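The values are calculated or read from the model by the stated rules, or taken from the named source; none is laboratory data. Predicted model, so just to flag it, every value in this text is computed and none were measured. Note that each Cβ is placed from the backbone with ideal geometry, even for glycine, and that neighbours are counted across all protein chains shown. The accessibility values were calculated without ligands, DNA or RNA, using every heavy atom of the protein model including side chains. Shrake-Rupley method; radii C 1.70, N 1.55, O 1.52, S 1.80 Å.
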There are 2 protein chains.
Amino acid sequence: MTIVLPIQSLPRLQESAAARVERELRAGIIDLTIRPGERLSESEIAERFQVSRQPVREAFIALMRQGLLDVQPQRGTVVVKLSVRRMLDARFIREAIEVAIVRRACERFDAHYRDRAASLIAAQETAARAGDHAGFQRLDSLFHIALAEGADCMEAWTAVEMQKAHMDRVCALTLHSPGSMDPLVAQHQAILNAIEDGDAERAVSAMSHHLSEILRGVAGLDLTFAELFE
Amino acid sequence: MTIVLPIQSLPRLQESAAARVERELRAGIIDLTIRPGERLSESEIAERFQVSRQPVREAFIALMRQGLLDVQPQRGTVVVKLSVRRMLDARFIREAIEVAIVRRACERFDAHYRDRAASLIAAQETAARAGDHAGFQRLDSLFHIALAEGADCMEAWTAVEMQKAHMDRVCALTLHSPGSMDPLVAQHQAILNAIEDGDAERAVSAMSHHLSEILRGVAGLDLTFAELFE
DNA sequence: GCTCTTGAACTTCCATACAAGTGCATACTA
DNA sequence: TAGTATGCACTTGTATGGAAGTTCAAGAGC
């Protein structure tokens, strides 16, 4: 007797070419490997990824909707420049949603994700001491996701993710000094503590403060890196 | 001497085929002309709109990102069914953002848009008396947009729009009784009054209450129209 | 009657060719 | 020289054919 796995029910074993191009381009745009203002072209990217123009085009359109590319018909496609205004707008929207998330988390928060959030904070301390910024950033994201999951707000998180990209892109410019991560860990702990206490107002103000502090050190970057800003 | 207008600086005179297909399909999906659970296919829609499959495909992908279509590779595309959960998630996100908008509006609100919001409320009263539900819905949307514009939060509104679709889709099921629009007008007025007074807490609770009342009458629809819900 | 195979008819995904528009350099004209 | 055509090289947008995968029903084999 052979056991037949329901393969067809899985999403798909291999992501599509369009999805791969979009994922890699997105990562490059956010970490500024692909520079703001840079001109892209469907055919050039297609050649680089060894695919046809069509999946590249679909990736371009998707990234345009996310506000990362500017597709100008018959003219060309450019990576949108950084923008203080756009960053502040992103922060405004993100704060609105994440504040609502922690407020709900104070009412009901899955115990499993409370433990997960706590262990993520511990991992962040380790990463901070090791000076592992890339790892820290990944753990930071996972912490916020854990809050959303614990509060049963994953749909809200997908809305946050789009905005987060515009904050991350500007933050990628900052030089990470050795002790820059420690305050963020403490802020995460403060948020989790407030949630565990069920203190909504404290949780909200802790999250609000945290999202402000993330952007500490970006002031003046639009002058230092003027060519990257619009 | 001939005057040459800078035509090339305009966005584009005629929207692309893909944009047109997306716009029309989206409208149909939201007003339930295209029924939840209905099966679509690129070639069928392409024939209906007299375009090739490619722009239809792009429209499908865009609508999938908005959570309105479910594109299953090599299997088919279906209009996602209505979902109470999804509607509540949309309301949660929308409330989070719109509450933040009115809160900001209490701090700074462009006078021009205050007048515009007031005139929109007046127009809503007229539409309500005439029993013009389609017109009322359009005016309702314009009112919320005016708030966002007045508070200088248009980026936030684009985030709201995506969620709004999931609420509108369920609301399209409700039978509009003659007096159902009057309370909504009053709620709009309450929101605007609070903003004019600069009373943030009152504005927030007015908006919150308004967004709750919009969904009045949808309770039990998932049982009455079980085949449209997942 | 039941199980398995097989093939036809669909689907979405990708590659390729062509259409249409933009910008720029070059050459031509007054 | 200044101004104006004009053609070329590029861009994105659309059409179409085929590749890869899924579903389903008909039919062979037991």
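Let me know the mean shielding of A:156-166 by other chains, meaning the per-residue number of their Cβ atoms within 10 Å of its Cβ. Don't skip to the answer; put the middle values down first.
On the way: counts 6, 1, 5, 11, 2, 0, 3, 3, 0, 0, 1.
Partner Cβ neighbours, averaged per residue: 3.
Taking the label point 7 Å along Cα→Cβ, residue B:142 and its counterparts in the other copies are spaced 5.1 nm apart, in ascending order.
According to a simple spin-label model (label point 7 Å from Cα along Cα-to-Cβ), what is the distance in nm between residue B:72 and residue A:165? Computed distance between label sites residue A:165 and residue B:72 equals 2.8 nm. With the highest mean first, a sort of the peptides A:191-203, B:95-107, A:30-42 on other beta-carbon atoms found within 10 angstrom per residue produces B:95-107, A:191-203, A:30-42. What the Cβ-Cβ distance of residue A:111 and residue B:130 gives, at R0 = 60 Å and to the nearest 0.05, is a FRET efficiency of 0.65.
Interface between chains A and B: roughly 2200 Å² of accessible area buried, both sides summed (probe 1.4 Å, protein heavy atoms only).
How would the range B:15-79 be classified by its alpha-carbon gyration tensor: rounded, prolate or oblate, with rounded meaning a/c under 1.5 and the a/b versus b/c comparison settling the rest? The partial results should precede the final answer.
Values: a/c = 1.44, a/b = 1.15, b/c = 1.25.
Rounded, because the longest to shortest axis ratio a/c is under 1.5.
Quick one: if you stick a label point 7 Å off each Cα along the C-beta vector at residue A:142 and residue A:20, how many nm between them? The answer from the label model is 2.6 nm.
How high is the relative contact order of the range A:15-79, in percent, counting Cα pairs under 8 Å that sit 6 or more residues apart?
Details: 69 pairs, mean separation 25.7, N = 65.
That works out to 40 percent.
Shortest first, residue A:54 label-point distances to identical copies amount to 0.9 nm, with the label point at 7 Å from Cα along Cα→Cβ. Think of a 1.4 Å ball rolled over the protein heavy atoms: the range A:15-79 then has 51 Å² of accessible area per residue.
Among B:178, B:73, B:55, the residue with the largest mean-square fluctuation in a Gaussian network model of chain B, with springs joining Cα atoms closer than 10 Å, is B:73.
Once C-alpha pairs closer than 8 Å and six or more residues apart are averaged by separation and normalised to the residue number of chain A, the relative contact order reads 24 percent. In the assembly of identical copies, residue A:180 has its label point, taken 7 Å from Cα in the direction of the beta carbon, separated from the corresponding points by 5.4 nm (ascending, one decimal).
Scaled against 2.2 N^0.38 Å for its residue count N, the alpha carbon radius of gyration of the range A:115-190 is 1.11. Overall size of chain B from C-alpha positions, given as principal axis extents largest first: 69, 56, 33 Å.
Straight distance only, please: which lysines reach the Cα of residue B:81 with their own Cα at less than 19 Å, same-chain residues fewer than 8 apart left out? Candidates past the 8-residue exclusion: B:164.
Take the alpha carbon gyration tensor of the protein assembly as shown, find the square roots of its eigenvalues, order them as a ≥ b ≥ c, and report rounded if a/c is under 1.5; if not, report prolate when a/b exceeds b/c, else oblate. List each step's numbers first, then the result.
Working: a/c = 1.26, a/b = 1.08, b/c = 1.17.
It is rounded, given that a/c, with a ≥ b ≥ c, falls under 1.5.
Each residue, residue A:199 and residue A:64, gets one label point 7 Å from its Cα in the Cβ direction; the gap between the two is 4.9 nm.
Here r is the Cβ-Cβ distance between residue A:219 and residue A:81 and R0 is 22 Å; the resulting FRET efficiency, rounded to 0.05, is 0.80. Only one residue of A:139, A:16, B:228 has its Cα farthest out toward the positive end of the dipole of the protein assembly as shown, where Lys and Arg carry +1 and Asp and Glu -1 on Cβ, and that residue is A:16.
Among the DSSP helices (H) of chain A, those spanning at least 15 angstrom by Cα along their long axis with an average Kyte-Doolittle hydropathy of -0.5 or more are A:17-30, A:53-65, A:84-107, A:111-130, A:133-150, A:154-171, A:182-197, A:200-214; this is a geometric and hydropathy rule only.
About its Cα centre, what dipole magnitude does chain A give when the only charges are +1 on Lys and Arg Cβ and -1 on Asp and Glu Cβ, stated in debye to the nearest 20?
Numbers: 27 positive and 33 negative charges, 125 e Å.
With only Lys, Arg, Asp and Glu charged at Cβ, the dipole is about 600 debye.
Considering only chain B, the C-beta nearest to the rotation axis that sends B to A is found at B:96, 2, the distance in whole Å.
Assuming R0 = 45 Å, what is the FRET efficiency of residue B:119 and residue A:177, from their Cβ-Cβ distance, to the nearest 0.05? Show your work: numbers first, answer last.
Details: r = 53 Å, r/R0 = 1.18.
The computed FRET efficiency comes out at 0.25.
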